[in-house]
Structures are given as structure tokens and as C-alpha cells.
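Undergrad: Let me begin by handing over the structure; questions about it come next.
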Amino acid sequence: MASFTSVSSHFLQLEFPSNKKYCNHRSSIYTFSVPPSEIKAATSFETQSTSQELPLRKIPGDYGLPIVGPIKDRLDYFYNQGRDIFFASRVQKYNSTVFRANMPPGPFISNESNVIVLLDGKSFPILFDVDNVEKRDLFTGTFMPSTELTGGYRILSYLDPSEDKHDKLKRLMFFHLRSRSSHVIPEFHSTYTKLFDTLEKELAANGKVNFGELHDIAGFTFLTKSLFGTNPEETKLGVNAPKIITKWILFQLSPVLKIGLPQVIEDSIFHSFRLPPALIKKDYQKLYDFFYESSGFLFDEAMRLGISKEEACHNLLFATCFNSFGGMKLFFPNILKWISRAGINLHVQLAEEIRSAVKSNGGKVTMAVLENMPLTKSVVYEVLRIEPPVPLQYGKAKRDLLISNHENTFKVKEGEMLFGFQPFATKDPKIFERPEEFVGDRFVGDGEKLLKHVLWSNGPENEGPTLANKQCAGKDFVTLISRLLVVQLFLRYDTFGIQVGKSPIGVSITLTSLKKATF
């Protein structure tokens, strides 16, 4: 989310008993605009040589003329081709998953649009190697939003592990998640029970109901009650936080989002100039005041670590609103989308697994019970693989490097920007069978070995966040609450129907049916 933001390895232990096979729905990542035969040629590779020595190849591609090249690539990326075809067509053109291109926004927001693109599962992990790659101020890519949007502070997400403040702030995040871990499951159950009660009533009255609008309120309420012990509806903030947060995120990400406005307006305003932070200042202050009043129990720890109350508060606000809430807003609709598309067979198997495990524990959902749901865990990992919530990742080479894809080795010079588009890396056909398909049980049993190639958290899924890396501090928190959503859904319903629409952030989900549990 997003990074959206572990209680560390200690929140969840990965364990995958064997189970039956489930299968699903084809992704359109490589096929929706380019003929399948052409894309297959662009994305399929010969078997990798057993030799560790791969042929050295000059990185193909170029950046074009100054200003002109970056703007042309920006227009291709957003409008002329679209993001996925922008990458797929260049893979085909250069016969390589590693090449040079420009990434938005470019002029006149960023002067550093030149990147080396990494689109396969072998080269992509260099972006996690903080010994060789710097992550300073690269959270949002080739530009960094104004610190006026975060109280004048460079937030944890923008800090490189080599910076002293990174260690202190990440320690604070670990402390926060650990201190509130016992509240997560009960608060999720309480909040989402109310949410689904409301969704049912709206659906019965109107024949359909928008999931996002009601979920945004429920999601933020869950986060603040579970992580801070505060119900926003009982404060001055009320139910307005989701709209404020969405607008605040837009001010930060508008240069790299396709918002849906006419091209001439969208590109000339949102992709060429920064939105003035002053326009969101009062709304941000409302959020800050709420978190300052709710975070008292964390300030003693912050000051012990050498962090002021103010800096701690801005970081807690960012982690909750941008990373966690933004992640839920993006990822939870994707969970519904992919499970719905997978079909009734998967729904039946999920319902059987979830209800059996919960029944065996006297009807209570606990961490131990969740570990007895291998298919549920696999389904969440598969959504994270096929449509990762944070698709774009960046790093700057600290020194001259050699990087390799499946066929070649490439020289990267110190200071060059590396960029990875994760949805291609996690659909690498050299790593995953049927990579474009949603396979519900992909990570069950022996499939657990593939978790090292699930990369959504700025690191491999089989590893955890540490003070020395940039892996998402709340990695296990995200997977936990995602499983809880699936559990809550299939404890109540046998199956459900949806309509999928477009949204500047993720997808829009409209529920059209909710079939109550019958067994």
C-alpha cells in the first residue's frame, strides 16, 4: 500500500501444508493491446545457461533528446500506449527485459527521468540490495514530493538505511506494531462485521453497492482503533479522514498517476507541475492534530530513540494514512476482483477451509487458526504476485555494477538510476508456470519455495524487514489483514458478484450480490 506498511517474522510464520489444485483467470498484463504472438516473442526466453558467465551486452535503448525524449516517453506511458504496452513493446523491440527509457514525470517536475528498466525476476532484486543501491528520496520515483506535505520532514519511506534517522524511525514503527498486535484481529472482526452488515442493507435496498466508499471509512476506523485505540468518529475528524487522505495522496502522486481527465488538461497540469502544498495545508493539519492526540503512548518511546514528538507524529501519520490506508484502499478491492474472477470452485474451497478451521477453534479467529488455512494464505500471495500494490520501485547505483537477466550481463555505472516494474518481474515465465493466470493454490505445499519471487514489500516474501533494509516495516501486518478480509468474507458468504470499474488509485468495485453462507 504503497508501500503500504513487521511486527516482523514474529507476526506470522509461513507454513504451507499440501492442498488441492485451484485455478482461475487470465491476467491481461501482456495481452490486452498487443497481439499475443508478439508479446510471447517479447517475453519468452531460452533456458538459462548453467554457466554463471552470461554474455556481456550493452544496455539497449536510449533517452532521446533532452526534454523532448522524456516528454515523448511520458505521453507514450500515459496515453499513446499505456503503461503495460509501453514496457511490453520495448521488451519486444530490444529483445531484452533490461533497457534504457525515461520514466514520468520528467519536465518540468523532475530533471532525472533517465532510468535503466528491469522487467524480469532475475534482475529486479538488485533494487533490494542496499549495499549496492541507494534508496534515498526515491520512494515515489524520479521525483520527490515537497516536504511541506509531511510537516517539513523527510519521512521514513524516503530515507536510505545508511541514514541514522532511518534506524530510529524504523525501530519506532516496529515498537508500534508490536505494542498493538493483540488488538488487530478483534478490531478487524468488529469493524468489518459492521461494514458487511451495512453493505448487505445497501445491496438489498438498491440492487448494488459501491464497496470503496463504505470500505474507506471502515478501513481507516479499523486502523486507528487497532493501532491507536481511537475511534475517529468520536473525534473532531469524524468520517472525513478518507476523503482528506485521498486528496493528500493525490497531491503527492499526481505526477505519476493517470487521473482520467482529458489529456491536454491532465498532462499540462498534473504531470508538468506540482500541485501547491498550501491548498492541502488545513486538511493535513486536521489529520496531524488527530494523530498527535492519539499517539501519546508512542511519544515516550520516540523521545527515548531521539525522535521529537513532532517528527514521530508526522511519520506515524504517513505510515497509517499513506502506507496502510492507501495500501488497503488499493489492495482490498484487488482481492475481491481476483477472487471473484477465479470462480465458484475456488469460493467453495475457501469457504470449506476457513469455516472448518474456525469451527475447530470454537468459532474464534486467532493467529494459530489462520496458520491452518494454507489456501487462504496462498490466495493472498497470488494477488500480491499478479497485481502488486506498489508496482514501481527505484534505486540508484552506489558504484559500477554488473546486473544480469536470464540471458545477458549488463554494465551499470555509478549514479545511474535503476527502475523495476514489478508486475512484469512477478510474471516472469522463467520463474512462474502460467504466469499470467491467477492460480489460487500456487503457493501451497512446495509452492512455498516460490515466495522468494513475490516482491511487493520491497523485498522477497520469504524474508523480513530489518533495520538495515528497506523492506516494508508492516509487511506481515498487511498480509495478516488481507487474510482476515478473506476469512471475514467466506465466514459470511458462499460466493459474491461484482462489477469492476476504473479509479485513479486501483480499481472501483461494485458489489452486485452476496450469497449468504449455507453450510
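Undergrad: Do any trypsin sites (Lys or Arg not before Pro) in region 334-424 lie in a loop, going by DSSP, with at most 13 other beta-carbon atoms within 10 Å of their beta carbon, and if so which? Display every interim value, and only then the final one.
TA: Numbers: sites: K337, R341, R355, K359, K364, K377, R385, K396, K398, R399, K411, K413; in loops: K364, K398, R399, K413.
Qualifying residues, ordered by number: K364, R399, K413.
Undergrad: In debye to the nearest 20, how big a dipole does the chain give about its Cα centre with +1 on each Lys and Arg Cβ and -1 on each Asp and Glu Cβ?
TA: It comes to approximately 560 debye.
Undergrad: Kindly write out, for region 284-294 in residue order, the coupling ³J(HN,Hα) from the Karplus curve 6.51 cos²θ - 1.76 cosθ + 1.60 (θ = phi - 60°), rounded to whole Hz, with x marking Gly and Pro.
TA: Computed from phi, the couplings for region 284-294 are 4, 4, 4, 5, 4, 4, 4, 6, 5, 6, 9 Hz.
Undergrad: Related question: Quote to one decimal, in nm, the extra length available between K247 and K93 on full extension: 0.36 nm per residue of separation minus the C-alpha distance between them.
TA: Numbers: separation 154, 0.36 × 154 = 55.44 nm, distance 3.83 nm.
Extra length from K247 to K93 when fully extended: 51.6 nm.
Undergrad: Counting other Cβ atoms within 10 Å, which GluC sites (Glu not before Pro) in region 419-458 have at most 16 and lie in a DSSP loop? Provide the component values of the computation, followed by the final result.
TA: On the way: sites: E433, E436, E437, E448; in loops: E433, E436.
Here the GluC sites (Glu not before Pro) that fit, given the DSSP loop and packing criteria, are E433.
Undergrad: Would you work out which of P255, P333, P429 lies farthest towards the positive end of the dipole of the chain? Charges go on Cβ: Lys and Arg +1, Asp and Glu -1.
TA: Selected residue: P333.
Undergrad: Sticking with this one: Report in % the part of the accessible area of the chain that belongs to carbon and sulfur, leaving out ligands and nucleic acids; probe 1.4 Å. Write out the running numbers ahead of the final one.
TA: Working: 10980 of 21210 Å².
The C+S portion of the solvent-accessible surface of the chain is 52 percent.
Undergrad: Would you mind computing, in nm to one decimal, how far apart the modelled labels at L279 and A204 are, each placed 7 Å from Cα along Cα→Cβ?
TA: 4.3 nm
Undergrad: I would also like to ask the following. Skip the ligands, DNA and RNA, and give the accessible area per residue of region 254-312 with a 1.4 Å probe, whole Å². Let's see the in-between values first.
TA: Values: 3180 Å² over 59 residues.
Dividing the accessible area of region 254-312 by its residue count gives 54 Å².
Undergrad: Taking R0 as 22 Å, what's the FRET efficiency between T366 and F175 from their Cβ-Cβ distance, rounded to 0.05?
TA: Details: r = 23 Å, r/R0 = 1.05.
That gives a FRET efficiency of 0.45.
Undergrad: Still on this structure: Over region 64-121, give the accessible area per residue in Å² for a 1.4 Å probe, as an integer. Write out the running numbers ahead of the final one.
TA: Numbers: 2120 Å² over 58 residues.
Accessible area per residue, region 64-121: 37 Å².
Undergrad: Dipole of the chain (Lys/Arg Cβ +1, Asp/Glu Cβ -1, origin at the Cα centre): which of L511, S123, M303 lies farthest to the positive side?
TA: L511
Undergrad: Please identify which residues in region 290-313 have an amide N closer than 19 Å to a label point set 7 Å out from the Cα of T235, following the Cα→Cβ vector.
TA: 290-303, 308-313
Undergrad: Take the cross-link list K72/K135; K427/K452; K72/K427; K58/K411; K168/K329; K93/K396 and give me the ones stretching past 19 Å between alpha-carbons. List each step's numbers first, then the result.
TA: On the way: K72/K135 27 Å; K427/K452 13 Å; K72/K427 27 Å; K58/K411 7 Å; K168/K329 28 Å; K93/K396 25 Å.
Too far apart for the 19 Å limit: K72/K135; K72/K427; K168/K329; K93/K396.
Undergrad: What's the FRET efficiency of I344 with L261 using the Cβ-Cβ distance as r and R₀ = 25 Å, to the nearest 0.05?
TA: Working from the Cβ atoms, E equals 0.05.
Undergrad: Now a separate question. Once amide H atoms are built 1.01 Å from N in the peptide plane, which residues 5 or more positions from L418, or in another chain, come under 5 Å H to H?
TA: Those lying under 5 Å, H to H, from L418 are I116, G395, K396, A397.
The values are calculated or read from the model by the stated rules, or taken from the named source; none is laboratory data. Nothing here was measured: the structure is a model prediction, and the numbers come from that model. Every residue, glycine among them, receives a Cβ derived from its backbone with ideal geometry; neighbour counts consider all protein chains shown. Just so you know, the surface numbers come from the protein's heavy atoms only, side chains and all, with ligands and any DNA or RNA stripped out. Shrake-Rupley method; radii C 1.70, N 1.55, O 1.52, S 1.80 Å.
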